[in-house]
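The values are calculated or read from the model by the stated rules, or taken from the named source; none is laboratory data. The model shown is predicted, which means the values in this text are computed figures rather than measured ones. All Cβ positions, even for glycine, are placed from backbone atoms using ideal geometry, and neighbour counts span all protein chains on display.
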């Protein structure tokens, strides 16, 4: 009777655990094991042990560094812009103008769209000859730009699209935060003669800091795994591989070159990057919480 | 806002400033009107830019293909459903993109995996929320940690396991992959909603002879209905929107809508009509869900993050 009681929670958890263990944990452990082998089904059907050989090969691969550089650049640019624009929109929506709900709903649209199809849609708009954007630019005198075909424009194009898609996420969360700021400290500051700007800078912003950390963390984690949009645009790494980010690099190694061992190793490198960033932000978050106690 | 305004008015109507009180009031009214106008303009611009790309493609889809790419853009045109008819009714294959087939796959896999995900996650979330047992905290965290895994990084493990199980390029295979990816977040989200339901309700029901399953079904479920909806929508959208796993785990049979991006542009030219119709169809559910669920979006995303 007691034994059965004690088992109950595990029974309820069993299905989820079975799925996660079988389709997540086990394959990932298998990959870790595989990352120590060189296995290219096209060249050597039997995996050959190379120890850390794959990791060394990645660190010695110029393409990897290009991918890393592009990823970091893309992440820094898009997350900064997303934050500034998203927070700005949240501030505007936090005022008591009429029609707030309409504006908020409209601005939310890009957020849940399919990233790869967003790439395709923008590809149509940014088409060098037939695209609407270039026609508008021509009409206002700036002239058409080679969004899709020039390697110098590639990261810019991807940045524009990703910022467009993810600003709503920041806006939504910051708006929720702004609306939850306790009013007493703000009123107290105003009674003491503080200007609206001072109230914002010294009362509201510090209170929002944990939320800001969380938003930035989420956006960074999702930005470093960029893949869908780039494929939606170029079905590959872009003109002269200018759109090569770590995700695309990984895909190419696995599906184009069939280097499964190397691919597994890159997966772990990407995972390490993700964990590093998460830890950085989590630590800053907790340190912030400690300070405010 | 009101309190400080009142105080300001008290200060500014003191004897020393009495003469300019009226002027200050008017000046303030002008600045406020200016401020409001600026805000309206900026928000309107933001709203327009947010909606325009999708709107444009949707417009393209109801134009005749030749009108769709006309420059200067044709704003007055005779609407036609020929593109939709081509891809849905006739099952036209434009540049080897069988949109009708992709759509059916997306619907099947989307609904199927969501249903299983929610059921499985609900039981797990309930266990984490209601039962106190060893490792419940750690387990909860571990489940959430799996969400940190970048999808692109899972392609090697997924490819290996699906191939081994013989589920490569099958609906079941892709559905299971989505289940694995979705479950952690669904469990976390549902647990949050379940935690909000007081245990006393179930205890009272237990006294009246209700079993756990019964109280779950009759009492708890109705109370977390919005949470269930939110979790279902998230899971469905994740399956509907996924590109990476679909790209890697399918070949011919189980291709879903997001994969259309691989094929529309060929040497023969661009299939503008079918393409814009396909994009519109693919983006319709996400937009619909955003509109319906926006109230719950913030709640689901910030669960626990904002201490209100």
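Residue by residue, here is whether (1) away from chain B (no Cβ under 13 Å); (2) surrounded by 18 or more Cβ atoms within 10 Å (Cβ to Cβ) holds:
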site: A:48; (1), (2): yes, no
site: A:53; (1), (2): yes, no
site: A:56; (1), (2): yes, no
site: A:73; (1), (2): yes, no
site: A:94; (1), (2): no, no
site: A:103; (1), (2): no, yes
site: A:111; (1), (2): no, yes
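One line per residue, one yes/no per condition, for (1) out of contact with any strand residue (DSSP E or B) (no Cβ under 7 Å at 6 or more places or on another chain); (2) more than 30 Å from residue A:215 (Cβ to Cβ):
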| position | (1), (2) |
| --- | --- |
| A:39 | no, yes |
| A:48 | no, yes |
| A:51 | yes, yes |
| A:61 | yes, yes |
| A:69 | yes, no |
| A:72 | yes, no |
| A:75 | yes, no |
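In segment A:114-139, what residues are in a loop (DSSP other than H, G, I, E, B), surrounded by fewer than 21 Cβ atoms within 10 Å (Cβ to Cβ) and at the interface with another protein chain (Cβ under 7 Å from one of its Cβ atoms)?
Listed by number, the list holds a single entry, A:130.
Taking the options A:208, A:250, name whichever one is surrounded by 22 or more Cβ atoms within 10 Å (Cβ to Cβ) and either within 10 Å of chain B (Cβ to nearest Cβ) or modelled with pLDDT under 90 (or both).
Numbers: A:208 fails: surrounded by 22 or more Cβ atoms within 10 Å (Cβ to Cβ).
Just a single option satisfies the conditions, and that option is A:250.
Under the condition of being within 10 Å of chain A (Cβ to nearest Cβ) and not in a helix (DSSP H, G or I), which residue from segment B:257-303 is modelled with the highest pLDDT?
B:263
Restrict the check to segment A:263-277 and report whether at least one residue is more than 9 Å from chain B (Cβ to nearest Cβ), in contact with a helix residue (DSSP H, G or I) (Cβ under 6 Å, 6 or more places away or on another chain), within 30 Å of residue A:117 (Cβ to Cβ) and part of a helix (DSSP H, G or I).
For segment A:263-277, residues more than 9 Å from chain B (Cβ to nearest Cβ), in contact with a helix residue (DSSP H, G or I) (Cβ under 6 Å, 6 or more places away or on another chain), within 30 Å of residue A:117 (Cβ to Cβ) and part of a helix (DSSP H, G or I): present.
Return a yes/no flag: does segment A:175-189 have any residue that is more than 30 Å from residue B:45 (Cα to Cα), more than 10 Å from chain B (Cβ to nearest Cβ), in contact with a helix residue (DSSP H, G or I) (Cβ under 7 Å, 6 or more places away or on another chain) and at pLDDT 90 or above.
no
Here is a check on your reading of the model: is residue A:154 over 25 Å from residue B:284 (Cβ atoms), at pLDDT 95 or above and in a helix (DSSP H, G or I)? Reasoning before the result, please.
On the way: over 25 Å from residue B:284 (Cβ atoms): yes; at pLDDT 95 or above: no; in a helix (DSSP H, G or I): yes.
Criteria not met by residue A:154.
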